[in-house]
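For reference, the structure is listed below as structure tokens.
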Ligand SMILES: C[S@@+](CC[C@H](N)C(=O)[O-])C[C@H]1O[C@@H](n2cnc3c(N)ncnc32)[C@H](O)[C@@H]1O
């Protein structure tokens, strides 16, 4: 939804723009060009590997490990959650910004990485953290969580219909060291689905489980809630614009509800913008994407 997002952001030279989930800089690259001259792009990501990818996209040069993420005079990349934007702005001595974009979830690079454990088609360590410098990896959380906690995560964040069978199996496997990789987790889900393990409405049966555990391990909804209710209102100038791309119905509901606070937000889109049929055909992963935007009152 690059075209739709850039349209919603209504960019002009001189604006200060935050890309709160810079990823591979697919959005940041055209944003950086649209706000020149005189603009400033601040790109954030919880994943240092994605910041290196972004720096490479923005400069056209491989990022030198250990060097600062400063691809150009008017672009700053910071290893930070979008929740910690106020601290980043304070460090940069930028009081408030004109636009903020957050594109939630994970990037194709993360999903396809054989080392991160995000994708059920990979054999990597079952980690799933965006920020590998803090928090517990998925396999460690599964080994110490109760069956009730695992069930709750599978239901709340994955709407998993077989959670009652799956949660005790995952707990027992993790505690006995048999849930070390993404492939182990995908096999466990398939064993519970048995003959029902064929593609469900076009998606692999493990899709929901991987999504649910990832959302929990990264406290994604806690970050989003704090960002929507406190951080974005505090950091945007009056008349500034927030655009959010979500992939999960729970996230979209949170954005919709936050934008109903008319003392804080104006001109919120009544309906979310969805990707075109053509885009869904080219990139099936984006079929659940929804874009909403609103203006800071
Ligand atoms: C869907 S991708 C963004 C793709 C990006 N818009 C692009 O065009 O390349 C989401 C990115 O957000 C990052 N992320 C997830 N939660 C975050 C958070 N709370 N703060 C900052 N980055 C986050 C992930 O590490 C990932 O790189």
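The values are calculated or read from the model by the stated rules, or taken from the named source; none is laboratory data. Everything quoted here is computed from the prediction, not taken from an experiment. Cβ atoms come from the backbone with ideal geometry, glycine included; neighbour counts cover every protein chain shown.
Restricting to the stretch 149-168, what's the tally of residues that are in contact with a helix residue (DSSP H, G or I) (Cβ under 6 Å, 6 or more places away or on another chain) and part of a helix (DSSP H, G or I)?
Kept after step one, since they are in contact with a helix residue (DSSP H, G or I) (Cβ under 6 Å, 6 or more places away or on another chain), are these residues of the stretch 149-168: 150-151, 153-155, 157-158, 160, 162-163, 165-168.
Retained after the next criterion (residues that are part of a helix (DSSP H, G or I)): 150-151, 153-155, 157-158, 163, 165-168.
Summing the residues that are in contact with a helix residue (DSSP H, G or I) (Cβ under 6 Å, 6 or more places away or on another chain) and part of a helix (DSSP H, G or I) in the stretch 149-168 gives 12.
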For the stretch 235-253, the count of residues that are exposed (fewer than 13 other Cβ atoms within 10 Å of the Cβ) and over 24 Å from residue 159 (Cα atoms) equals 2
So which of 233, 238 ends up being over 17 Å from residue 289 (Cβ atoms), outside any helix (DSSP H, G or I) and away from the ligand (no atom under 16 Å from the Cβ)?
238
From the option list 256, 281, single residue qualifying as surrounded by 16 or more Cβ atoms within 10 Å (Cβ to Cβ), free of Cβ contacts under 8 Å to residues at least 40 places away in the same chain, away from the ligand (no atom under 16 Å from the Cβ) and closer than 18 Å to residue 1 by Cβ is 256
Checking 164, 182 in turn, the sole residue that is surrounded by 15 or more Cβ atoms within 10 Å (Cβ to Cβ), at pLDDT 95 or above and either touching a strand residue (DSSP E or B) at 6+ places or on another chain (Cβ under 9 Å) or farther than 21 Å from residue 117 by Cα (or both) turns out to be 182
Residue among 20, 39 that is under 21 Å from residue 238 (Cα atoms), within 7 Å of the ligand (Cβ to nearest atom) and modelled with pLDDT of 95 or more
20
Would you be able to say whether some residue in the stretch 266-273 is exposed (fewer than 14 other Cβ atoms within 10 Å of the Cβ), in contact with a strand residue (DSSP E or B) (Cβ under 8 Å, 6 or more places away or on another chain), within 22 Å of residue 2 (Cα to Cα) and free of Cβ contacts under 8 Å to residues at least 60 places away in the same chain?
yes
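For the stretch 42-53: of the residues being touching a strand residue (DSSP E or B) at 6+ places or on another chain (Cβ under 6 Å) and either without any contact (Cβ under 8 Å) to a residue 40 or more places away in the chain or in a strand (DSSP E or B) (or both), which is farthest from residue 236 (Cα to Cα)?
Here the answer is 51.
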In the stretch 97-109, anything within 24 Å of residue 221 (Cα to Cα) and more than 9 Å from the ligand (Cβ to nearest atom) is listed as 97, 99, 100
